[in-house]
Amino acid sequence: MLTLGVNIDHIATIRQARRTVEPDPVAAAVLAELGGADGITVHLREDRRHIQERDVRLLRQTVRTHLNLEMAATDEMVAIALDIKPDYVTLVPERREEVTTEGGLDVVGAVDRLGDVVEALQDAHIPVSLFIDADSKQIEASAKTGAKFIELHTGRYAEAHSPEERRKELGILAQGAWRAREAGLRVNAGHGLTYWNTYEVACIDGMEELNIGHTIVSRATLVGMERAVREMKEILQRAALDIKFRR
């Protein structure tokens with residue numbers, strides 16, 4: 001069954017806008033789990049623009065599903081992950097000037113470095129996922145690092161300006177998921193997914209988890225976190241049923 005990882009970064013974005021103590025990402029995670037989240041995702045950026053190290057430490061103690069720590073492949077972040085020991089780590093690219101993550105890792109150009117990071121984390125029993133574009137060379141390189149998972153970057157699909165472009169990008173994602181499974185990788189996906197475009201991605205065969213944040217947090221400001229998560233879970237469950245009946 002496809003699972004839902006709820007990214008709560010933007011709860012922290014609201015808090016950091018006023019440099020105050022609320023809203024609390026830990027409380028948001030509890031409500032997300034009550035709403036049916038299968039996991040909690042946070043991105044501890046080097047610039048600490050939203051999630052803080054203290055948040056990750058508290059979440060490690062309180063999350064009852066699983067905690068996915070998104071981070072750059074730096075020595076500082078590896079040391080933090082080895083100390084906190086999240087349930088798994090997703091390695092992502094970072095640029096300080098970006099508003100949000102703009103694309104996947106260049107695994108091809110950094111396979112040795114990323115392989116070392118993957119080995120260090122997985123030797124500590126922390127499975128690693130690599131956030132990549134659905135490109136055959138990046139998928140092949142990801143398998144070479146020894147990572148257990150990839151997370152396919154769905155941004156181009158989410159930002160498609162026409163039905164034709166959207167179908168094309170969806171096909172690229174489906175092909176990427178197939179190639180990854182053939183290479184022995186487990187497949188997650190995320191970035192830019194909303195209540196209006198998630199269903200099609202959820203129907204891709206072999207997808208294990210979708211990590212979704214901004215749209216859920218946005219909806220939660222109007223209807224509450226539990227309901228916002230429940231509504232997204234219903235989309236994933238509908239996709240799972242449709243896949244079952246399609247087979």
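The values are calculated or read from the model by the stated rules, or taken from the named source; none is laboratory data. The structure displayed is predicted, hence computed values, not measured ones. Please note: Cβ atoms are built from the backbone with ideal geometry, for glycine as well, and neighbour counts cover all protein chains shown.
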*Is there any pair linking a residue in region 233-247 that is free of Cβ contacts under 8 Å to residues at least 60 places away in the same chain to one that is among the aromatic types (F, W, Y), with Cβ under 6 Å and at least six apart or on different chains, and which?*
I235/Y199
*Where a residue in region 34-51 is over 18 Å from V89 (Cβ atoms) and in contact (Cβ under 8 Å) with a residue 60 or more places away in the chain and its partner, wherever it lies, is surrounded by fewer than 20 Cβ atoms within 10 Å (Cβ to Cβ) and not aliphatic (A, V, I, L, M), with Cβ under 7 Å and at least six apart*: L34/E226; G35/E226; G35/R227; G35/R230; G36/R230; G36/K233; A37/T65
_Which listed residue, of A174, A189, A143, A158, is over 20 Å from L2 (Cα atoms), of a type in the set (A, V, I, L, M) and modelled with pLDDT of 95 or more_ = A143
*asked:* Conditions first: (1) surrounded by fewer than 22 Cβ atoms within 10 Å (Cβ to Cβ); (2) part of a loop (DSSP other than H, G, I, E, B). V78 passes all but one, so which condition is the exception?
replied: (2)
*Which one of these is surrounded by fewer than 23 Cβ atoms within 10 Å (Cβ to Cβ), among the small types (G, A, S) and without any contact (Cβ under 8 Å) to a residue 12 or more places away in the chain: G206, G192, G171?*
G171
*asked:* I'd like the residue in region 114-125 that is part of a helix (DSSP H, G or I) and among the small types (G, A, S) and, out of all such residues, is nearest to H66 (Cα to Cα).
replied: A120
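For region 29-43, enumerate the residues that are assigned to a helix (DSSP H, G or I) and either in contact with a strand residue (DSSP E or B) (Cβ under 6 Å, 6 or more places away or on another chain) or crowded, with 22+ Cβ neighbours inside 10 Å (or both). Steps first, please.
Within region 29-43, the first condition is being assigned to a helix (DSSP H, G or I), and the residues that meet it are 29-34.
Answer for region 29-43, where residues must be assigned to a helix (DSSP H, G or I) and either in contact with a strand residue (DSSP E or B) (Cβ under 6 Å, 6 or more places away or on another chain) or crowded, with 22+ Cβ neighbours inside 10 Å (or both): A29, A32.
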*Qualifying positions in region 126-142 - buried (at least 19 other Cβ atoms within 10 Å of the Cβ), part of a helix (DSSP H, G or I) and either touching a residue at least 40 places away in the same chain (Cβ under 8 Å) or on the phi > 0 side of the Ramachandran plot (or both)*: I139, S142
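Quick one: which helices (runs of 4 or more DSSP H) lie wholly within region 180-247 and hold at least 3 residues that are under 25 Å from A12 (Cβ atoms)?
Working: elements: 198-202, 214-223, 225-246.
Correct list: 214-223, 225-246.
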*asked:* When you scan region 154-167, do you find a residue that is assigned to a strand (DSSP E or B), out of contact with any Gly (no Cβ under 6 Å at 6 or more places or on another chain) and free of Cβ contacts under 8 Å to residues at least 60 places away in the same chain, even just one?
replied: no
_Whether any residue in region 70-79 is more than 21 Å from L58 (Cα to Cα), within 17 Å of the chain's Cα centre (by Cα), among the hydrophobic types (A, V, I, L, M, F, W, C) and at pLDDT 95 or above is what I want to check._
yes
_Some residue of region 49-63 being assigned to a loop (DSSP other than H, G, I, E, B), modelled with pLDDT of 95 or more and of a type in the set (S, T, Y)_ = no
